Amino acid sequence: VTAAELSSKTTMLANKRITTQLVNRTLLRSLTSDASLKVANPPSQQEKIKYFKIYRWDPEQQQKPYLSTFPVDLNDCGPMVLDALIKIKSEQDPTLTFRRSCREGICGSCAMNINGSNTLACLAYIDADSPSATKIYPLPHMYVVKDLVPDLGNFYEQYRSIEPWLQPSGEKEPEQAEWLQTREDRAKLDGMYECILCACCSTSCPSYWWNADKYLGPAVLMQAYRWIQDSRDGSTKKRLAELDDAFKLYRCHTIMNCTKVCPKNLNPGKAIASIKKRLAE
């Protein structure tokens, strides 16, 4: 093959490649310009408005508590009540005050009264099918700091009073690491250690409403029983003796509101009954 023939073949291949590219571009332009092949914009969703009536009170303002009503488009909002509260605070009223943290039902920060029942806002689904407004209040029968934020000072002080830490009967042996227990003893703590101290149970209890200064309440009593049941603890008798009081323990009348509202599906009423049984033995 001569150099002239090789040059001619190379030129022909280059021209063929260019022709193919031009044909492909022409076809692509014809397809994209065809109105029948274009994707139409999806029709905009009709707004799905849900109203939220929220308790408001600011200690710095000289006015009584009141309810504020906020509309929320559920098509542009998460499924939980906490999502709606965050949306309202971000887009409508930045002065709205409430506690929140984990958004996973772990921290207990967003405990409040929603449609008449104590629960966690992060675990409470918005009732999208109901035409009625969702009513949101702070935990009942508690002093209010602002809006949906209750004063939990007394609640935490009661929790501190039961000394919620391990009190072993003796000192550790040399080179001893953890205080060990059997799997059976560990299983006795199930249903109590999961408590997140959200105060939903205590603030739903009429006995706690009436005697919050003396009655420890379901949450604290269940935590007390958690340490009484711990096989590693050496202060069981002392703990039981401190609870043997007409107000601390026996103000419980087994109304069972505590068990009904617990967002973690625990049973504080059973724990309280178990303490009474231990004292009667």
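Assorted remarks:
- Dipole axis of the range 38-157 (+1 Lys, Arg; -1 Asp, Glu on Cβ), positive-most option in 123, 85, 72: 72
- Dipole magnitude of the range 105-165, debye to nearest 20 (Cβ charges: Lys/Arg +1, Asp/Glu -1, about Cα centre): 60
- Extended-chain gain in nm, criterion 0.36 nm per residue less alpha-carbon gap, residue 232 and residue 264: 9.0 nm
- The mean of 1/r over all distinct Cα pairs in the range 84-181, once inverted, gives the Kirkwood hydrodynamic radius of 16.7 Å.
- Checking every one of the trypsin sites (Lys or Arg not before Pro) in the range 205-281 against DSSP loop status and a limit of 14 other Cβ atoms within 10 Å picks out 214.
- The peptide list 199-209, 109-119, 182-192, 70-80, put in order of mean Cβ contacts within 10 Å with the highest first, becomes 199-209, 109-119, 70-80, 182-192.
Throughout, read-outs are computed from the coordinates displayed, never taken from laboratory work. Please read these numbers as outputs of a predicted model, since none were measured by experiment. We place every Cβ from the backbone using ideal geometry, glycine too, and count neighbours over all the protein chains shown.
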